[in-house]
Amino acid sequence: MNIVLLGAPGAGKGTQAQKLVAEFGVAHISTGDMLRAAVKAQSSLGVKAKSFMDAGTLVPDELIIDLVKERLDAEDAQKGFILDGFPRNTAQAVALDDALETMGKSIDSALLVDVAADVIVARLSGRRTCKVCGYTGTAANEVCPRCDGEMYQRDDDKPETIKHRLDVYEQQTSPLVEYYQQRGLLNKVDGDRPVDVVYLDVKDQLGL
Ligand code: AP5
């Protein structure tokens, strides 16, 4: 199972990826999570990425492409992977295709989680993330339901940054829908339904 999850910020890619990983044991490759871990560790990648992330702008391709290639090589990704937040533009999609070809692999499906912009703004304003395990929840989760860790609000979930992230998605990432459609790999789910209903459809679309 080699899947690319597509969708605007807040569409529910991370939420659906966590469910697929829990059920099927494949690797969850979230470039946003990897970058946030680098920022937290104050690594040289994190220092370079932080200002782009805070502004809701894409981190430069040269910082992210090699990171993903290395991650795809890791042991836990050999059984399959869910790419969440990558590729984010056509250059990254082409780099991914090239890297997978070199590894003798390919994408099985690019699944678009489709949600309208007004729903997204409400969701992201209410999102909370676990500081310990990265669980994605809402403002209703005072502590993490998975590990009891402290929940926090991401810096880029402020209203003005959310709007910019949606603009960046429209301009740079949404052309990937056409990119994968042309390759016969695109599937789509309506992400504006309860999480478990969306998940049933996700599995259906992926033939799982
Ligand atoms: P990243 O972390 O990838 O953020 P994103 O794409 O903006 O995605 P999100 O994590 O915001 O949303 P999601 O679709 O995963 O939704 P979620 O499941 O959390 O990227 C952050 C930044 O890092 C970027 O801006 C950029 O700077 C940089 N970056 C990352 N990758 C990069 C790359 N490849 N190239 C360059 N730069 C890169 O759900 C959202 C909320 O909704 C949650 O509260 C959740 O509980 C709730 N929810 C989910 N599903 C439902 C549902 N069905 N019904 C009701 N609520 C729901």
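The values are calculated or read from the model by the stated rules, or taken from the named source; none is laboratory data. Computed from a predicted model, the values in this text were never measured in an experiment. Virtual Cβ from ideal backbone geometry, glycine too; neighbours counted across all protein chains shown. The accessibility values were calculated without ligands, DNA or RNA, using every heavy atom of the protein model including side chains. Shrake-Rupley method; radii C 1.70, N 1.55, O 1.52, S 1.80 Å.
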I'd like to know if the stretch 158-170 contains one or more residues that are touching a residue at least 24 places away in the same chain (Cβ under 8 Å), hydrophobic (A, V, I, L, M, F, W, C) and in contact with a strand residue (DSSP E or B) (Cβ under 9 Å, 6 or more places away or on another chain). no
Selected residue (criterion: farthest from Leu208 (Cα to Cα)) from residues of the stretch 105-139 that are in contact with a strand residue (DSSP E or B) (Cβ under 9 Å, 6 or more places away or on another chain) and either in a helix (DSSP H, G or I) or free of Cβ contacts under 8 Å to residues at least 12 places away in the same chain (or both): Gly126
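Go through the stretch 148-208 and tell me which helices (runs of 4 or more DSSP H), entirely inside it, have 1 or more residues that are within 9 Å of the ligand (Cβ to nearest atom) and either of a type in the set (D, E, K, R) or open to solvent by less than 60 Å² (accessible area, probe 1.4 Å) (or both). Reasoning before the result, please.
On the way: elements: 159-168, 175-182, 195-206.
Those helices (runs of 4 or more DSSP H) span 159-168, 195-206.
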Selection from the stretch 188-208 of residues that are in contact (Cβ under 8 Å) with a residue 60 or more places away in the chain and within 17 Å of Ala116 (Cα to Cα): Lys188, Val189, Asp190, Gly191, Asp192, Val195, Val198
How many residues, within the stretch 57-82, are near the ligand (Cβ under 9 Å from one of its atoms) and outside any helix (DSSP H, G or I)? 4
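State yes or no: is Val26 more than 10 Å from the ligand (Cβ to nearest atom) and touching a Pro at 6+ places or on another chain (Cβ under 8 Å)?
Details: more than 10 Å from the ligand (Cβ to nearest atom): yes; touching a Pro at 6+ places or on another chain (Cβ under 8 Å): no.
Judged against the criteria, Val26 is not a match.
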